[in-house]
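The values are calculated or read from the model by the stated rules, or taken from the named source; none is laboratory data. Just so you know, these numbers come straight off a predicted model, no measurement behind them. Here the Cβ is made from the backbone with ideal geometry for all residues, glycine too, and neighbour counts use every protein chain on show.
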Amino acid sequence: MNGPPIGNGGPAFPSGEKYVSTDLSGNKTEFAKGPLHHGLSLRDYFAAHAMAALAPQHARYPSNAQVARSAYELADAMLAERQTKRSK
């Protein structure tokens, strides 16, 4: 795939939230719980699904590495298309 690197798409399932805590005196404090964990990247998520689609065709590929490479090529194409849609 040619062109500039498209990154990993960020976290697939980020988690985090803001909340307000009130102590016994009624004082309020706002907290921001940052992402507790980012989990896998969106690129890895897309590649995993592409891998599932490619698995039945495994015999067509010379090696497991080529199947993985193809899955990430598909994931990169999905991220690039997603980026194109967002820039319009």
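Taking first residues from segment 45-72 that are over 26 Å from residue 9 (Cα atoms) and free of Cβ contacts under 8 Å to residues at least 12 places away in the same chain and partners that are surrounded by 17 or more Cβ atoms within 10 Å (Cβ to Cβ) and of a type in the set (Ser, Thr, Tyr), the Cβ contacts under 9 Å between residues at least 6 apart in sequence or on separate chains come to 61/70. Within segment 38-88, being outside any helix (DSSP H, G or I) and touching a Phe, Trp or Tyr at 6+ places or on another chain (Cβ under 9 Å) holds for 38, 39, 40.
Reported count of residues in segment 5-26, each being touching a strand residue (DSSP E or B) at 6+ places or on another chain (Cβ under 9 Å), at pLDDT 70 or above and either polar (S, T, N, Q) or outside any loop (DSSP other than H, G, I, E, B) (or both), is 5.
Being modelled with pLDDT of 90 or more and surrounded by 14 or more Cβ atoms within 10 Å (Cβ to Cβ) is the requirement here; does residue 52 meet it? Taking the combined requirement at face value, the residue does not satisfy it. When segment 34-45 is filtered for residues that are modelled with pLDDT of 65 or more and of a type outside the set (A, V, I, L, M), the ones remaining, listed by number, are 39, 41, 43, 44, 45.
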